[in-house]
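Nothing in this text is a laboratory measurement; each read-out follows from the coordinates by a stated rule. The shown structure was predicted, so the numbers you read here are calculated from the model rather than taken from an experiment. Cβ: placed from backbone, ideal geometry, glycine included. Neighbour counts: every protein chain shown.
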Amino acid sequence: GWGILYFFTGGLCFIGTIVDIVKYRSIAFDANIKEAQRTYALVAGQTGGRY
């Protein structure tokens, strides 16, 4: 959906790009939190939940 729209409109005439530049820290932080939770679940599952 949105990826195709951004691709064919140049990031909605670069408005999407500007928004991403402004919000990059929160976008990266949210992605890092999700990855940390997945990693924790993997480690906890392999060790019987002792971590």
Karplus-derived HN-Hα couplings along the stretch 7-15 (A = 6.51, B = -1.76, C = 1.60, θ = phi - 60°), whole Hz, x at Gly and Pro: 4, 7, 10, x, x, 6, 6, 6, 5
Taking all pairs of distinct alpha-carbon atoms in the chain, Kirkwood radius in angstrom: 13.3 Å
Label point 7 Å beyond Cα of ALA41 along Cβ direction - residues of the stretch 12-34 with amide nitrogen under 16 Å: 31-34
Loop chymotrypsin sites (Phe, Trp or Tyr not before Pro), the stretch 1-32, which have at most 16 other Cβ atoms in a 10 Å radius of their Cβ (DSSP): PHE14
Inter-label distance for TRP2 and PHE14, nm, one decimal - labels placed 7 Å from Cα along Cα-to-Cβ: 2.1 nm
